[in-house]
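Inspection log for the structure reproduced underneath, given as structure tokens.
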Amino acid sequence: MKLTTIRLAGGATVAARVDGDTAVEFGFADVGDLLRRGDLGAVATATGATHDLASAELAPVVVAPAKIVCVGLNYRNHILEMGRELPEHPTLFAKYPDALIGPRDEIQLPPESDKVDWEGELAVVIGRTVRRADAEQAAAAIAGYSVLNDVTMRDYQYRSPQWFQGKTWERSTPLGPVLVTPDEMPDGAQLVTLLDGEEVQRTPVDDLVFSAVELVRYISTIFTLNPGDVIATGTPGGVGHARRSGRYITAGQTLTTRIDGIGELVNVAVAEQLDAAAAREPDVVRA
């Protein structure tokens, strides 16, 4: 089954089941709302208003997850290109929901950064509450998978040893276009990222150092994972920052991120327009 979230007139959203080229509403505000309050199996045959999927305005598949947990350095080829050793434990950081945009929305390039990079990723969406999960419980807690691009402001990321400040800029992170249940994921699915049609990343999504199940086990040891929470599992090699002299996203370019069996994000980058006062970097008070 494939599920999506559609924006309606007036700013509301609605969850829908994808049947071919049609999206069928079934009474929940978004896919996260369904996972928190509903029965995933019951919507397989539910009926409701329909939308043409090609022309519908799609929101992030989970509009406001309570947690967005991101994993760094989780593909072998990316770890090597960044000059690091394979990790013993997952590297974790977080995003805020304000960073999320829909699969066809514009990526907002802030004036403060000129090193905006791409990071195509497989996203795991949690479907049931889980804490200190074993492997079986972790697998059962995965409602499905989606596509995410962890667009990163590299100059801010590396201002300190903590990456957070480069990772959660507003309106920077597309998520969607659908959630697919685990049975829909094909064997050998490839993650591909393109910049203006040029392929910059291609890797099998199962080439992770820590698998989706291992990540759910590890993260749920630290805190409870709840329905609608999102885990971004990490990016493969091919990021712009690792290239000689660096290569970054500029205004007007189109970033496409696709995973076999799920679909693709197609996002145009635009420069955020600010007045001079708003664009000034805030003063830092040092103790």
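If I filter the stretch 254-277 down to residues being part of a loop (DSSP other than H, G, I, E, B) and within 17 Å of the chain's Cα centre (by Cα), which single residue comes out as surrounded by the most Cβ atoms within 10 Å (Cβ to Cβ)?
The selected residue is I262.
Test of understanding: among A54, A42, which residue is touching a residue at least 24 places away in the same chain (Cβ under 8 Å) and loosely packed, with under 15 Cβ neighbours inside 10 Å?
A54
When you go through G102, G166, G72 one by one, which is the residue that is of a type in the set (G, A, S) and free of Cβ contacts under 8 Å to residues at least 60 places away in the same chain?
Unique residue meeting the criteria: G166.
Return the residues of the stretch 174-187 that are crowded, with 16+ Cβ neighbours inside 10 Å and over 26 Å from S113 (Cβ atoms); say none if nothing qualifies. Walk me through it before giving the result.
Within the stretch 174-187, the first condition is being crowded, with 16+ Cβ neighbours inside 10 Å, and the residues that meet it are 174-181, 185.
Scanning the stretch 174-187 gives P177, V178, L179, V180, T181, M185.
Output the number of residues of the stretch 17-39 satisfying the condition of being open to solvent by less than 40 Å² (accessible area, probe 1.4 Å) and touching a residue at least 40 places away in the same chain (Cβ under 8 Å).
Here the count works out to 5.
Name the pairs: first residue in the stretch 227-251 and of a type in the set (D, E, K, R), second residue part of a loop (DSSP other than H, G, I, E, B) and open to solvent by 10 Å² or more (accessible area, probe 1.4 Å), Cβ to Cβ under 7 Å, at least 6 apart or on different chains?
Between residues of the stretch 227-251 that are of a type in the set (D, E, K, R) and residues that are part of a loop (DSSP other than H, G, I, E, B) and open to solvent by 10 Å² or more (accessible area, probe 1.4 Å), the close pairs are D229/A66; D229/K67.
Of everything in the stretch 134-163, what is out of contact with any strand residue (DSSP E or B) (no Cβ under 8 Å at 6 or more places or on another chain) and touching a residue at least 40 places away in the same chain (Cβ under 8 Å)? Give them in sequence order.
Within the stretch 134-163, D134, A135, A139, D155, Y156 qualify.
The values are calculated or read from the model by the stated rules, or taken from the named source; none is laboratory data. All values derive from a computational prediction rather than experimental measurement. Neighbour counts run over all protein chains shown; Cβ positions are idealised from the backbone, glycine included. Accessible surface areas use protein heavy atoms only, side chains included; no ligands, DNA or RNA. Shrake-Rupley method; radii C 1.70, N 1.55, O 1.52, S 1.80 Å.
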